[in-house]
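Following: one structure in structure tokens, then a few remarks.
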Amino acid sequence: MIYLSMTLSKIFRYTLLAIFNALIVYAVPLALTFESWFFLSLILVIGIFVNIVYFTDRFHPMKWILPGMIFMLSFVVFPAAYNTYVSFTNWSTGHILTKTQAIGVLEDRVFTPDNQKGLEFEMYILQDLDLNFYYVANLDSENILFGKAVSDDEIFSTSYAIHEPSLFMNGEFSTPDGYYLLSGKEQIANSTTLQELSLVIDKNTRAQLYKISVFGASTGRLTSTSQLYKYDEMNDALFNNATNTLCPVVKDNFECEGKEIEPGWRVYVGGENYSKLFSSQRIRGPLGVVAKWTFQFALLSVIFSFAVGLLLSMILNKDGLKFQRIYRAVFILPYAIPAFVSALVWKGLLNPDYGVINSWLAPLYEMLDIEPVKWLKTKESARSAVILVNTWLGFPYMFLITTGALQSIPKELIEAAKVDGATGIQSFWRITFPLLMVSISPLLIGSFAFNFNNFTLIFLLSGGGPPIIGSEVSVGWTDILISFTYKLAISGGRGNLFGLASSVTIIIFALVLIISAISFRYTKRLERIYGNI
Amino acid sequence: METSKFFNWVKEYGWRHLIALMFATFAVYPILFVATNSIADFANLTNSKLIPDGLTLKHYKLLSSDPLVPYFKWLYNTYKVALIAAFFNVFLGTLAAYAFSRLQFKGRRASLLTLVIVQMFPSFLAFVAIYLLFFQISDIAPFMGLGTHIGLILVYLGGSIGFNSWLIKGFMDTISPSLDEAAKVDGATDFQIFRKIIAPLSRPILVVIFVITFIGIYSDFILAAIFLKDKNLWTVAVGINTVFIDDFNADWGVIAASSVIAATPIAVLFIFFQKQITGGLTAGSVKG
């Protein structure tokens, strides 16, 4: 029986390893084609390591740890390192590709030499349900060509037009099912798009819309195309066949007669992103605002939720008080709701025009004769709202931990102070509070660190807004560093500034490291950990 | 006599009730408001009240019938991703924890310390790198690239496995070593000790860690938001934000209904496991 189970587990193990190795073998050539050196090294290191560990018995404990470790290394440690690398590159919209990829894209571009524009014929423009354009070129009865109209970038990847005699029954054009025939007016309305499209007939020949006719069929024209750019390896430059000029490399782009050719490629730029953060006035200003607010936001959130939580646990810390359990259950509720739901709900409540908060405050506004507060729309109101909501989200946790800590403080201490004539307030500030802080402060620092990166709340409640006017990058008054990074990289409306965003992330890393170091030092947790091992 | 007794009560207890009630209102009002609005007959935000005039399920029906808002698809996606990721997370974490707790090897202290240090940095901090990483993985292995659930699950797996194995290891340390030593004398292998003794005895902590990880992944917004572009693959957190934001006033009833559906299971789980989750053991790991 034992033998059987051993062989079974062996079969299981070797099957898994075989699958794993098959994946590695599959991935390596792909990584080579895409020139992802990072992946190649990652895949190889992991592959070799796994095989050594599971085929030999020398690293027995690693057999247990390795699966988890691979995920942690690949998706936590490696991204952190990769992030550092990205922060030293110009990786951003227009510079996404590697140089080889960019050259590949550019060499696929075509142009039509002037002397090759010729033959004219009838042309019909169709549109399918997905609003893609299709052309029908009626060259002659043997060549009634039908196919999707594509832009220049897709010319090499699309299939050639096919002969469809069925489109002309009895010499009349009939629209095929599932397509819509564009009238002349509609063609004019779409003319900017249509100008860019062509029907690919063969490798070098295309049909393009030439003249739009409002009555009857429009006219198409055959064009032959040639490659626009050819990469010249000797000079490391691009040769433009249309203008017969050489376009040299200027940093991360080819430049033809002083004009940058898109796309460029990503290159190592050293500390350029960092110097941009600190020297470019239109980035440094907002970054300073964001960094300062990040600290204020995290600190105020902790202070307010701690104050409320402590107040409530002090109030309930009284023998003989009725309804204690009900109060406790209710105070925990905000903590039980997922933060993304709470943030959204509060956004509704705070809505300046329809929200409950303003309808509550309406009598107050009238009494004081002031304008209703435009919650989340002005700097001050947005900042107060964010703190208010975070207090709501955070106080239950503070309530829970302070309740626990209060109960662990020996009652005799307070009693003794009372005997010595201390007032309630004195014994609170001199005895209860200091003792409380000993056990609570590491948790407060943890909470500070959490709120320092509380992306969900900021992004869903205020979206970081209202926007700071006059900044080069998209940023708002309630943005914290992590949401600022998000806007730079993903959603800022100024393209994807991955390199710049990564450099901000490095700053966050450094700050988190400092916060953690303080926490470790302050609580000597490290020693406890050591003792624990 | 009666009045002085009352004043005594106020001095001792009454003011406590007053403040407690105030904050109880603060805590519970938004939740109640949304819960009642989700079944209120008139729920655009302007007309909304805490106590609705008439009850209806129309918002829930609307939620399930709008083809542009595949809410229940999102819900399904969320549960799928969170359950799978949490399961493997706990499974792999347990394996690692066993080695850290029971096997002697070089570099054990150092690896444990590394775990603690790595876990100081939430994994979403490097989201730019994760995005670019999976952007490139899409070329090589599209099935696990950007925009796929598999890719997202992989990221979630890496995110908390270190912290989890640390916690599980702490619990395993409290299981008496005499148990596995006796088994070893009887000729049991490591795997048998793990399967027959340590893993079953660790079940309480494994359940708690599973729940915590599940809640954490369920509530994640940032990684899911950068990862999932296709509307049909979104999780609830991403979907709820992008769609309902359009018209807060008119859609309020539906927003309330969707919030109730998204929040209730998590709230119930949380309250059920509240003691263990906040028992100091995991303080601050779910939310702060």
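FYI, it's all coordinate maths here, none of it is from the lab. All values reported here derive from a predicted model rather than from experimental measurement. Cβ coordinates were reconstructed from backbone atoms using ideal geometry, including for glycine residues, and neighbour counts include every protein chain displayed.
Against the longest principal axis of chain A, how steep is helix A:324-336, in degrees 0 to 90 to the nearest 10, with axes from Cα atoms? Taking Cα atoms only, the helix is inclined about 20 degrees.
With everything on Cα atoms, drop me the angle between helix A:281-316 and the longest principal axis of chain A, reported from 0 to 90° to the nearest 10. Once rounded, the angle reads 40 degrees. Between the alpha-carbon centres of the range B:132-164 and the range A:225-291 there is a gap of 31 Å. Taking other C-beta atoms within 10 angstrom as a stand-in for reagent exposure, B:Ile19, B:Ile39, B:Ile222 fall in the order B:Ile19, B:Ile39, B:Ile222, fewest first. The distance from the alpha carbon centre of the range A:60-132 to that of the range A:331-378 is 44 Å, rounded to a whole number.
Give me B:Arg109, A:Arg109 ranked fewest to most by other Cβ atoms within 10 Å of their Cβ, as a rough exposure proxy. Numbers along the way, then the final one.
Values: B:Arg109 12, A:Arg109 18.
Least crowded to most crowded, the residues run B:Arg109, A:Arg109.
Annotation for A:Glu107 and B:Val268: the two label points, set 7 Å from Cα along the Cα-Cβ direction, are 6.1 nm apart. Each of A:Ser218, A:Ile144, A:Ala161 was scored by the projection of its Cα onto the charge dipole of the range A:110-227, and the greatest displacement toward the positive side belongs to A:Ser218; charges sit on the C-beta of Lys, Arg, Asp and Glu.
Calculate for the protein assembly as shown the 222 nm mean residue ellipticity that helices alone would give, adding -39,500 (n - 2.57) per DSSP H run of length 4 or more and normalising by residue count, nearest 500 deg cm²/dmol. Present the calculation step by step, with values, prior to reporting the outcome.
Working: 34 runs with 476 residues, N = 821.
Calculated from helices alone, the mean residue ellipticity at 222 nm is -18500 deg cm²/dmol.
A simple spin-label model places pseudo-atoms 7 Å from Cα toward Cβ; at B:Lys196 and B:Thr25 they are separated by 6.4 nm.
Calculate, in nm to one decimal, what B:Thr3 and B:Leu68 gain on full extension: separation in residues at 0.36 nm each, minus their alpha carbon distance.
Working: separation 65, 0.36 × 65 = 23.40 nm, distance 6.42 nm.
Going from the current span to full extension adds 17.0 nm.
Using square roots of five times the C-alpha gyration tensor eigenvalues, list the equivalent-ellipsoid semi-axes of the range B:2-61 in whole Å, biggest first.
Details: eigenvalues 295, 24, 14 Å².
Equivalent ellipsoid of the range B:2-61: 38, 11, 8 Å, largest first.
Once the Cα atoms are used to define both axes, helix A:356-368 deviates from the longest principal axis of chain A by about 70 degrees.
Summing +1 for each Lys or Arg and -1 for each Asp or Glu, what net charge is found among the other residues whose Cβ lies under 14 Å from the Cβ of A:Val250? Don't skip to the end; give the middle numbers.
Details: positive: A:Lys99, A:Lys251, A:Lys259; negative: A:Asp236, A:Asp252, A:Glu255, A:Glu257, A:Glu260, A:Glu262.
It works out to a net charge of -3.
Treating each Cα of the range B:70-245 as an identical point scatterer and summing with the Debye formula, the log10 of I(q)/I(0) at q = 0.08, 0.15 Å⁻¹ comes to -0.31, -0.89. Here the range A:2-86 is treated as a sphere whose radius is the Kirkwood value from Cα pairs; by Stokes-Einstein at 37 °C and 0.692 mPa s it diffuses with a coefficient of 227 µm²/s. Running Debye on the range A:110-227 with equal point scatterers at the Cα sites and no solvent, what base-10 log of I(q)/I(0) appears at q = 0.23 Å⁻¹? Debye intensities relative to I(0), on a log10 scale: -1.51. With the convex hull constructed from alpha-carbon coordinates only, the protein assembly as shown shows a mean projected area of 49.8 nm² over all directions. Under the convention that each Lys and Arg Cβ holds +1 and each Asp and Glu Cβ holds -1, the size of the dipole of the protein assembly as shown around its Cα centre is about 4040 debye.
Here the calculated FRET efficiency for A:Thr98 and A:Arg325, from their Cβ-Cβ distance with R0 = 60 Å, stands at 0.45, rounded to the nearest 0.05.
Beta carbons within 10 angstrom, averaged per residue: use that to sort the peptides A:181-191, A:300-310, highest first.
Working: A:181-191: 14.6, A:300-310: 20.8.
Listed from highest to lowest mean packing, they are A:300-310, A:181-191.
Projecting the Cα atoms of A:Leu513, A:Phe484, A:Leu287 onto the charge dipole of chain A, computed from C-beta unit charges around the Cα centre, puts A:Leu513 farthest toward the positive end.
The simple Förster model, with R0 at 30 Å and r as the Cβ-Cβ distance, assigns A:Glu472 and B:Asp230 a FRET efficiency of 0.40. Taking the Cα centre of chain B as reference, the dipole from Cβ charges on Lys and Arg (+1) and Asp and Glu (-1) amounts to some 700 debye. Modelled this way, with points 7 Å down the Cα-to-C-beta line, the labels at A:Phe55 and B:Asp173 are 3.7 nm from one another.
For the range A:280-532, with only Lys/Arg (+1) and Asp/Glu (-1) charged at the beta-carbon, what is the dipole magnitude about the Cα centre, in debye rounded to 20? Let's see the in-between values first.
On the way: 21 positive and 12 negative charges, 107 e Å.
Around 520 debye, computed over the range A:280-532.
Treating r as the C-beta distance of A:Ala189 and A:Lys374 and R0 as 51 Å, the FRET efficiency rounds to 0.80.
A straight chain from A:His163 to A:Glu366 at 0.36 nm per residue would run longer than the Cα-Cα distance by 65.5 nm. Across the options A:Leu32, B:Trp252, A:Ile188, the greatest Cα extent toward the positive end of the charge dipole of the protein assembly as shown (unit charges at beta carbon of Lys, Arg, Asp, Glu) belongs to B:Trp252.
Averaging over every viewing direction, what projected area does the convex hull of the Cα atoms of the range A:280-532 cover, in nm²?
Numbers: hull surface 75.0 nm².
For the Cα atoms of the range A:280-532, the hull's average projected area reads 18.7 nm².
Amide H to amide H distances under 5 Å link A:Ser218 with A:Met123, A:Ser213, where only residues 5 or more positions off or on other chains count and H is placed in the peptide plane.
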